[in-house]
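Asks: Sharing a structure with you now.
A short reminder: the numbers here are calculations on the coordinates, not readings from a lab. Small disclaimer: the values here were computed from a predicted structure and weren't measured. Heads up, the Cβs are rebuilt from the backbone with ideal geometry, glycines too, and the neighbour counts pull from every protein chain shown.
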């Protein structure tokens with residue numbers, strides 16, 4: 001039985017064709033994986049499905065009925081639910097309140113909590129989504145929050161569930177638990193569209209794979225009859241070869257933390273008695289579940305945070321008066337975790353964004369005035385050298401895809417050549433081709449003698465690139481391990497806090 005059919009969907013933004021005559025269907029109890037490069041048209045297609053955009057051509061049928069274009073309420077009423085990559089939960093509310101929010105008529109004086117609790121408990125039991133209805137969302141782990149998001153969709157009687165990068169912030173154990181839940185959902189007749197850049201997960205969970213490239217449907221494969229290699233080639237239009245990690249001799253200590261602690265700040269974990277040394281010619285991988293102190297550690301290195309106790313040294317010398325400007329002056333470059341909120345200013349041009357951290361220094365500043373000719377020349381060089389798909393250096397950076405935005409941030413950080421690179425989630429949400437490109441650039445920096453701190457929740461990325469691996473849990477670091485000394489499962493156990501960390 002076909003539950004969803006997209007026919008001839010075309011969407012244009014001026015001269016740009018974001019979706020070009022895309023057609024496919026989804027059957028009851030089926031899992032379709034949607035793959036594509038950054039900017040391939042996946043997000044646009046999902047926005048059309050949910051009524052946020054109106055297609056220029058084509059139509060959508062859900063359960064045999066035409067779906068009203070441009071009407072999100074119609075999509076929800078038709079039984080279509082979505083779990084976004086970035087959770088949409090209110091931390092100051094309970095699980096029950098988050099799930100039931102917006103499901104009751106405005107004319108009802110109050111929520112029937114007893115009925116809502118019984119229904120949530122039944123859904124939790126039926127689908128293996130263990131969660132405490134009265135718990136505060138602020139107290140939940142990342143995996144528990146995702147369960148709440150799925151329960152939100154099921155509570156609204158979703159029969160089609162779209163999952164956008166659902167494992168981006170999960171530990172291996174949480175990912176396994178999610179996949180078990182998906183199997184139960186499918187066994188009960190739910191249909192799923194699974195959007196992911198992780199090919200091994202696509203192979204594990206899907207029945208069919210649809211690949212978008214440059215707005216068109218580039219291919220469709222039955223999962224059991226394809227390979228990761230074939231899918232990667234379909235995504236980018238050519239074979240993707242991961243960069244090779246050659247041996248490099250470790251150099252001098254360029255940056256060190258000695259028994260550093262930080263003050264509590266916001267909802268994230270703070271650091272407790274952390275010691276870490278970054279050496280020239282080495283990549284140190286920092287693995288951990290989001291919110292365990294990575295932000296505080298990144299802030300220390302980038303100069304946005306100072307230690308409450310302990311010592312911080314650059315090239316063996318104690319530093320004081322630490323600030324973002326001081327960090328830049330000491331040759332520290334950063335690739336921030338959130339390219340939209342922190343890495344760029346959306347309404348500024350590409351040129352303005354790529355000089356944002358160095359606009360007061362040569363060659364962009366002459367006698368106190370900005371040299372726009374030099375700035376534009378620099379931006380044009382990054383666009384060319386990093387293969388950025390961009391209309392012009394004057395284009396607003398928010399118009400670029402995530403992958404192209406990330407390439408510009410990478411270029412800004414690595415040109416001129418820094419001594420220390422803070423790479424915080426550098427490949428998050430990127431397609432396989434862009435991931436290989438980013439990894440290659442980090443390895444090039446390592447080969448030139450830079451010290452690289454790679455902060456990532458993707459264990460395959462950590463294991464593939466790192467010379468040493470440390471795990472952060474509740475603000476503390478594990479003892480470091482060399483390449484190949486720990487399995488992904490053992491690292492996952494440390495991430496979940498199931499093993500001891502260094503005192």
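Asks: How are the C-alpha pair distances of the stretch 205-263 spread across 10 Å bins, as whole percents from the shortest bin up?
Replies: Cα pair-distance distribution for the stretch 205-263, in percent: 17, 28, 15, 13, 24, 4.
Asks: In whole percent, what relative contact order does the stretch 253-495 give with Cα contacts below 8 Å and a gap of six or more residues? Provide the component values of the computation, followed by the final result.
Replies: Working: 473 pairs, mean separation 69.8, N = 243.
Computed value for the stretch 253-495: 29 percent relative contact order.
Asks: If you build the Cα gyration tensor of the stretch 293-364 and take the root of 5 times each eigenvalue, what three semi-axes come out, in whole angstrom, biggest first?
Replies: Numbers: eigenvalues 125, 52, 13 Å².
Gyration-tensor ellipsoid for the stretch 293-364: 25, 16, 8 Å.
Asks: Measure nothing fancy, just the Cα-based angle from helix 172-187's long axis to the longest principal axis of the chain, in degrees from 0 to 90, nearest 10.
Replies: On a 0 to 90 degree scale, this one is about 10.
Asks: Shifting gears a bit: For the stretch 133-217, just run the numbers: alpha carbon Rg, then divide by 2.2 N^0.38 Å, N being how many residues it has.
Replies: On the way: Rg = 14.0 Å, N = 85, 2.2 N^0.38 = 11.9 Å.
Relative to the rule-of-thumb radius for its length, the stretch 133-217 sits at 1.17.
Asks: Taking every alpha carbon pair in the stretch 183-314, what does the distance histogram look like in 10 angstrom bins from 0, in percent?
Replies: Binned Cα distances yield the sequence 10, 25, 18, 22, 21, 4.
Asks: Efficiency by 1/(1 + (r/R0)^6): what FRET value for residue 130 and residue 398, r their Cβ-Cβ distance, R0 = 51 Å, to the nearest 0.05? List each step's numbers first, then the result.
Replies: On the way: r = 39 Å, r/R0 = 0.77.
About 0.85, to the nearest 0.05.
Asks: When the scattering of the chain is computed by the Debye formula from its Cα atoms alone, each counted once and equally, what is log10 I(q)/I(0) at q = 0.08, 0.12 Å⁻¹?
Replies: Log10 of I(q)/I(0), two decimals: -0.54, -1.21.
Asks: Please arrange 35, 212, 140 by how many other C-beta atoms lie within 10 Å of their C-beta, fewest to most.
Replies: On the way: 35 28, 212 24, 140 20.
Ascending number of Cβ neighbours within 10 Å: 140, 212, 35.
Asks: Would you report the distance distribution of C-alpha pairs in the stretch 253-495 as whole percents per 5 angstrom bin, up to the bin with the largest distance?
Replies: Computed distribution, short to long bins: 1, 6, 14, 18, 20, 17, 12, 8, 4, 1, 0, 0.
Asks: Stick to Cα atoms and the Kirkwood definition of Rh, then tell me Rg/Rh for the stretch 2-236. Working shown, then result.
Replies: Working: Rg = 18.0 Å, Rh = 18.5 Å.
Rounded to two decimals, Rg over Rh is 0.97.
Asks: Give me the distance in nm between label points sitting 7 Å out from Cα along the Cα-to-Cβ direction at residue 317 and residue 222, one decimal.
Replies: 6.7
Asks: Just to be sure I understand: of the beta bridges DSSP finds with both ends in the stretch 2-236, what percent are antiparallel, rounded to 5?
Replies: Working: 22 of 40 bridges.
Taking every DSSP beta bridge within the stretch 2-236, about 55 percent pair in antiparallel fashion.
Asks: With N set to the number of residues, divide the alpha-carbon radius of gyration of the stretch 125-266 by 2.2 N^0.38 Å and report two decimals. Don't skip to the answer; put the middle values down first.
Replies: Numbers: Rg = 20.3 Å, N = 142, 2.2 N^0.38 = 14.5 Å.
Rounded to two decimals, the normalised Rg is 1.41.
Asks: Sticking with this one: Report the gain in length on full extension from residue 59 to residue 114: 0.36 nm times residue separation, minus Cα-Cα distance, nm rounded to one decimal. It would help to have the intermediate numbers written out before the result.
Replies: Working: separation 55, 0.36 × 55 = 19.80 nm, distance 4.06 nm.
Taking 0.36 nm per residue and subtracting the Cα distance, the gain is 15.7 nm.
Asks: Starting from the Cα of residue 122, step 7 Å toward the Cβ, then list every residue of the stretch 138-159 with an amide N under 15 Å from that point.
Replies: What the label zone holds, given the 15 Å backbone N cut-off, is 154-158.
Asks: Based only on other Cβ atoms within 10 Å, what is the fewest-to-most ordering of 348, 82?
Replies: Numbers: 348 14, 82 21.
Fewest to most other Cβ atoms nearby, the residues stand as 348, 82.
Asks: Roughly what % of DSSP beta bridges within the chain run antiparallel, to the nearest 5?
Replies: Values: 42 of 79 bridges.
Bridges in the chain that DSSP calls antiparallel: roughly 55 percent.
Asks: Can you give the relative contact order of the stretch 2-236 as a percent, counting alpha carbon pairs under 8 Å and 6+ residues apart?
Replies: Details: 430 pairs, mean separation 65.3, N = 235.
The value is 28 percent.
Asks: Using Cα atoms only, what is the angle between the long axis of helix 402-414 and the major principal axis of the chain, expressed in degrees (0 to 90) to the nearest 10?
Replies: 10
Asks: Calculate for the chain the 222 nm mean residue ellipticity that helices alone would give, adding -39,500 (n - 2.57) per DSSP H run of length 4 or more and normalising by residue count, nearest 500 deg cm²/dmol.
Replies: On the way: 16 runs with 159 residues, N = 503.
One gets -9500 deg cm²/dmol as the mean residue ellipticity at 222 nm.
Asks: Per q in 0.18 Å⁻¹, report the Debye log10 I(q)/I(0) for the stretch 444-500, using one uniform scatterer on each alpha carbon and no solvent.
Replies: Evaluating at q = 0.18 Å⁻¹ gives log10 I(q)/I(0) of -0.61.
Asks: Would you list 131, 435 from fewest to most Cβ contacts within 10 Å? Walk me through the numbers on the way to the answer.
Replies: On the way: 131 20, 435 24.
Ordered from fewest to most neighbouring Cβ atoms within 10 Å, 131, 435 come out as 131, 435.
Asks: Report, in degrees rounded to the nearest 10, the 0 to 90 angle that the Cα long axis of helix 432-447 makes with the longest principal axis of the chain.
Replies: For 432-447 against the chain, the angle is about 10 degrees.
Asks: Normalising by the residue count of the chain, find the relative contact order in percent from Cα pairs under 8 Å and 6+ residues apart.
Replies: The normalised contact order for the chain reaches 16 percent.
Asks: Mind giving me the FRET efficiency for residue 92 and residue 239? R0 is 56 Å, r the Cβ-Cβ distance, nearest 0.05 is fine. Don't skip to the end; give the middle numbers.
Replies: Details: r = 49 Å, r/R0 = 0.88.
Efficiency at R0 = 56 Å is approximately 0.70.
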